[in-house]
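Below: the structure, in structure tokens.
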Amino acid sequence: MFKTHVAAGFLAGIFLMQYFSPASQLLFISLVLIGAILPDIDHPKSKIGRNFKIVSLFFEHRGFFHSLLVLPVIAFLLLYFTKTSYYSLPLIIGYLSHLVTDAATKEGIMPFHPLSRARISGFIRTGGFFEYVIFFAIAAFAVIKLI
């Protein structure tokens, strides 16, 4: 769910930010949160996918955009257009948090799609009771970390 990805990305961001000492903590966390929702651009009903429906016409959900192979593409594009790697790291942190949380679901992810259709999956049902428990645990842990 969107909120679980945002919470997991936020938690990853506040934990990892201390190791990278960004010039702007707000920008760092904002980019982590964008990265945390970005993989669902391939789903036409997701919060981000609604604005980019054309993407779902060419990419299957939990396909290429839920692959580790998209990360170097994102890093390259950001480096090419911004001429700095400053923006890549937080975006990739958020992106990876999304992939990890999706890998824990029954639907899972194909980490090397399109080279392989091998899937990593867990036991959590998307939108199910256990996902809500995890969401609240992540959110509580993030609040504790902030305090």
Report summary line: Being touching a Gly at 6+ places or on another chain (Cβ under 8 Å) and either in contact (Cβ under 8 Å) with a residue 60 or more places away in the chain or farther than 21 Å from S116 by Cα (or both) narrows I54, I48, I41, I34 down to just I34
Report task. Starting from region 124-147, take each residue that is outside any helix (DSSP H, G or I) and list its partners that are at pLDDT 90 or above and hydrophobic (A, V, I, L, M, F, W, C), counting only C-beta distances under 6 angstrom and pairs at least six apart or across chains. Result -> I124/A104; I124/F130
Query raised in the report: Hey, F2 hits all of (1) touching a Lys or Arg at 6+ places or on another chain (Cβ under 9 Å); (2) of a type in the set (F, W, Y); (3) closer than 19 Å to Y87 by Cα but one; which does it fall short on?
Result: (3)
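Taking the condition free of Cβ contacts under 8 Å to residues at least 40 places away in the same chain and out of contact with any Asp or Glu (no Cβ under 9 Å at 6 or more places or on another chain), does T105 pass?
Numbers: free of Cβ contacts under 8 Å to residues at least 40 places away in the same chain: yes; out of contact with any Asp or Glu (no Cβ under 9 Å at 6 or more places or on another chain): no.
No.
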Query - Options E131, E107; residue that is within 21 Å of E60 (Cβ to Cβ) and charged (D, E, K, R) - result: E107
Report summary line: Of the residues in region 39-62 that are farther than 18 Å from G9 by Cα and acidic (D, E), the one that is surrounded by the fewest Cβ atoms within 10 Å (Cβ to Cβ) is E60
Report task. Could you grab me the full set of residues in region 29-38 that are surrounded by fewer than 21 Cβ atoms within 10 Å (Cβ to Cβ) and among the small types (G, A, S)? Result -> S30
Query raised in the report: Considering F76, F58, F130, F123, which residue is of a type outside the set (G, A, S), under 20 Å from A142 (Cα atoms) and at pLDDT below 95?
Result: F130
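Those residues that are assigned to a helix (DSSP H, G or I), over 11 Å from L99 (Cα atoms) and small (G, A, S), I need them from region 33-62; list them, please. Spell out the reasoning first.
Within region 33-62, the first condition is being assigned to a helix (DSSP H, G or I), and the residues that meet it are 33-42, 49-51, 53-58.
Pick out the ones that are also over 11 Å from L99 (Cα atoms) and you get 33-34, 41-42, 49-51, 53-58.
Selection gives G49, S56.
Residues K106, K83: which one is touching a Gly at 6+ places or on another chain (Cβ under 8 Å) and over 23 Å from F10 (Cβ atoms)? Steps first, answer last, please.
Working: K83 fails: touching a Gly at 6+ places or on another chain (Cβ under 8 Å).
Every option except K106 fails the conditions.
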Requested in this report: Test L91 against the criterion of being out of contact with any Lys or Arg (no Cβ under 8 Å at 6 or more places or on another chain), more than 19 Å from H113 (Cβ to Cβ), among the aliphatic types (A, V, I, L, M) and part of a helix (DSSP H, G or I), and give yes or no.
Outcome: yes
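Determine, yes or no, whether R125 is closer than 16 Å to H5 by Cβ and over 17 Å from the mean Cα position of the chain (by Cα). Can you show your working first?
On the way: closer than 16 Å to H5 by Cβ: yes; over 17 Å from the mean Cα position of the chain (by Cα): yes.
Taking the combined requirement at face value, the residue satisfies it.
Looking at F65, F81, F76 in this structure, which one is surrounded by 21 or more Cβ atoms within 10 Å (Cβ to Cβ) and not in a loop (DSSP other than H, G, I, E, B)? Don't jump to the end; show me each part of the working.
Working: F81 fails: surrounded by 21 or more Cβ atoms within 10 Å (Cβ to Cβ); F76 fails: surrounded by 21 or more Cβ atoms within 10 Å (Cβ to Cβ).
Answer to the check: F65.
The values are calculated or read from the model by the stated rules, or taken from the named source; none is laboratory data. Since this is a predicted model, take the numbers as computed values, not measurements. Here Cβ is always computed from backbone atoms with ideal geometry, including for glycine, and neighbour counts include all displayed protein chains.
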